[in-house]
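Take a look at the structure set out below.
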Amino acid sequence: MDIIFHIGLFKCGSSTLQNQIFPYWPGFIGTSRTLTPKANFGKQFENFSPVFGRTWFDASQAMQWKQKVMDFAELKEPGCIILSNENLASNGAGRSMPIVESIARFQSEIWTQGRVKVVIVLRNQIQRLGSIYAQLSHSRFYAGQSDFESFCESYIRGKNGSNLLYSAWINALWSAFGSENVKVMFIEEFDHLQCWQDLIEFCGSETIDASTLLKSAGRKSNLRSQGEGKWAIRPLELDRYARSVSTVLLNRASNPIGQKCHSKILNEVAFWSVRFGLACAKPIRGGAREQFIVASKSVSRLVTEFCRSDNQKLEHVLGRDLRSLGYP
């Protein structure tokens, strides 16, 4: 029995796949908001993987997890197992793409029941940055066009910039699992019947209808997208903003206590200190909170300059023209 890992990327249609598409497969094991934590095997896999600062893959926990999945498969008798979790594509502690090595280890040491395959979804980098910012805007005090453009600059010039360079992902996955075991999807093609026909073929499913998947994917609407290159800004949530600020302050603290920042008391003191300060302070900049951001010429130019060379590499690797899909 094959196991298929959908690993993201973040803000690349994961919610659509998890809630509208993968539930058609009887072997889907999460992540899904309809599953209980005990049954959400996709989320559980994240807990012993080297993501969000963790440094290693826990093989012993993975073995226990595998047994639970096999118990599930024995009851359901699915044709394949599908796991979906976009957090798996997150960076580990000081490493990029650590999940590739971890899944490869899972393949060689733990999963002996069949092949290990991987699905990865890509998205036009300009659209992806806009979507990321819109989702985070509820925790940005001065969210707006100017802040969005600063965010894009910081994102690209900082450690997250590599998340927008896709060719490294494809090369690493092909090297670890072989091109025949890696399915590269594009969110821009979710409205194409062929996209879902190819996914069904990749997963080895014969009872699922591609037109049903196409219709189901079309029911998913992005709540913050206001059309091509325009996104709605979320209302500010002071508690979330205070939590994000206090976490950053603790992580940047130079003293030993601050560097650990695992103490719940310390975290709560920092949070309420920031929260109280925000409640007492008046915004430095006047005016009402902006409602929308757009992919301005400066943002488009910035992203194009950063991504175009890598997108050309990706075009060569995949053998297709990405500019027809709107990629910079």
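Details
- Going from the fewest other Cβ atoms within 10 Å to the most, the residues SER179, SER131 appear in the order SER179, SER131.
- Nonlocal amide H pairs with GLY30, under 5 Å, H built at 1.01 Å: GLY42, SER84
- ³J(HN,Hα) computed for each position of region 309-325 - Karplus, 6.51 cos²θ - 1.76 cosθ + 1.60, integer Hz, glycine/proline x: 4, 5, 5, 5, 4, 5, 4, 5, 5, 8, x, 8, 8, 7, 5, 5, 9
- Each of ARG105 and GLU290 was given a label point 7 Å from its Cα along the Cα-to-Cβ line. The distance between the two points is 4.4 nm.
- Filter on LYS43/LYS66; LYS38/LYS76; LYS11/LYS183; LYS11/LYS215; LYS43/LYS159; LYS159/LYS297 - keep pairs with C-alpha separation over 19 Å: LYS11/LYS215; LYS43/LYS159; LYS159/LYS297
- Restricting region 90-195 to trypsin sites (Lys or Arg not before Pro) that sit in a DSSP loop and have at most 13 other Cβ atoms within 10 Å of their own Cβ leaves ARG95.
- Inter-centroid distance (Cα atoms) of region 1-19 relative to region 84-157, Å: 12 Å
- The fewest-to-most ranking of HIS6, HIS316 by surrounding Cβ atoms within 10 Å reads HIS316, HIS6.
- J(HN,Hα) series, region 111-124, from Karplus relation 6.51 cos²θ - 1.76 cosθ + 1.60, nearest Hz, glycine and proline x: 8, 9, 7, x, 7, 10, 10, 9, 10, 10, 10, 10, 8, 2
- Distances between placed amide hydrogens fall under 5 Å for LEU322 paired with no residue 5 or more residues away or on another chain.
- Couplings 3J(HN,Hα) for region 150-156, derived from phi with the Karplus relation 6.51 cos²θ - 1.76 cosθ + 1.60 (θ = phi - 60°), are 5, 4, 4, 4, 5, 4, 6 Hz, where x marks Gly and Pro.
- Between amide H atoms placed 1.01 Å from N, distances below 5 Å from PHE186 occur with LEU122, all of them 5 or more places distant or on a separate chain.
- Per DSSP, loop trypsin sites (Lys or Arg not before Pro) in region 1-91 with at most 10 further Cβ within 10 Å: ARG33, LYS38
- Neighbour-count order for SER15, SER102, fewest beta carbons within 10 angstrom listed first: SER15, SER102
No lab work stands behind these numbers, since they all come straight from the coordinates. Remember, it's a predicted structure, so these values are computed and weren't measured experimentally. A quick note on method: Cβ atoms are made from the backbone with ideal geometry, for glycine too, and the neighbour counts reach across all protein chains shown.
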